[in-house]
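Data block below; observations after.
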Amino acid sequence: MPVELRLLGGVTVLHGGAATRVALERPVSLLVRLAVAGEWVERAELARLYRPDTPEAEALTYVRKLVFRARRYAWASTLEVTADALRWQVSTDVARFAAAAASRDWAGAVTEYGGRFLGGASLGGAPGFEAWREAEDRALEAALLEARTGLAQLHEEAGRYEEAAQLHQA
């Protein structure tokens, strides 16, 4: 059964017919970063994300340890690893939200948005990851505002003023 990752409103893994809420620990954060990318991410980039102020060889060793710990999760069995890059292709609510917003499916985007990225959780001691998380959160919030505004406009055009007003107040 495929894995699904919900990242809006917290971190929840859907696997084997069960939904499990997980804490934003470092190996989980690695999987989150890879899931959001949806494509190959170079190890060197991940090393800078977690250990920006250490020598590259030491930072790459740290990434190797994170990968080892991340592979312990049964739901991360499809994690792909090469000598230079990592990839974890799973379904995410972030990707569905972004696709709906990009296609101007305002109702779909508003429905898909389940809350702040990672539920607003932060990861101490990883300034690069934190900067990435904050940028993702801001971009998602901006896309949500656009979706709410677009959906409100559609409601106004259809004469559903109360529904439009609720969206403007949210």
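A few remarks follow.
- Couplings for segment 49-58, taken from phi via the Karplus curve 6.51 cos²θ - 1.76 cosθ + 1.60 with θ = phi - 60°, read 5, 9, 9, x, 9, 10, x, 4, 4, 5 Hz in order; Gly and Pro are left as x.
- In summary, segment 95-170 shows an alpha-carbon radius of gyration equal to 1.27 times the 2.2 N^0.38 Å reference for compact globular proteins.
- Spin-label pair Ser122-Glu162: with each label point 7 Å from Cα along the Cα-Cβ axis, the two points sit 4.1 nm from one another.
- Computed over segment 80-139, Kirkwood Rh from alpha-carbon pairs, angstrom: 13.5
- Paramagnetic label zone (point 7 Å from Cα along Cα-to-C-beta, Asp84; backbone N under 15 Å) in segment 31-64: 40-46
- For Tyr113, no residue has an amide H sitting under 5 Å from its own, ignoring neighbours fewer than 5 places away on the same chain, with H placed 1.01 Å from N.
- Scanning residues 5 or more positions from Ala85 or on other chains, those with amide H under 5 Å from its amide H are Arg43, with H placed 1.01 Å from N in the peptide plane.
- The helix-based estimate of mean residue ellipticity at 222 nm for the chain, built from -39,500 (n - 2.57) per DSSP H run of four or more residues and divided by its residue count, is -17000 deg cm²/dmol to the nearest 500.
- For the chain, the orientation-averaged shadow of the C-alpha convex hull comes to 10.6 nm² (one quarter of the hull surface).
- Normalising by residue count, segment 1-63 has a Cα convex hull of 96 Å³ per residue.
- 3J(HN,Hα) from dihedral phi, segment 123-140, Karplus parametrisation 6.51/-1.76/1.60, rounded to Hz, x for glycine, proline: 10, x, x, 9, x, x, 5, 4, 5, 5, 4, 5, 5, 4, 4, 4, 5, 5
- Taking each residue as 0.36 nm, the span from Ala95 to Ala170 lengthens on full extension beyond its C-alpha to C-alpha distance by 24.8 nm.
- Sequence-ordered 3J(HN,Hα) estimates for segment 12-22 from the Karplus curve with 6.51, -1.76 and 1.60 and θ = phi - 60° stand at 10, 10, 9, 7, x, x, 10, 9, 10, 7, 10 Hz, glycine and proline given as x.
- Taking every alpha-carbon pair under 8 Å whose residues sit at least 6 apart, segment 12-170 reaches a relative contact order of 21 percent.
Read-outs: derived from the displayed coordinates by stated rules, not from any lab. Fair warning: this is a prediction, and the values are worked out from it, not measured in the lab. Counting neighbours? That spans all protein chains shown, and the Cβs are built from the backbone with ideal geometry, glycine included.
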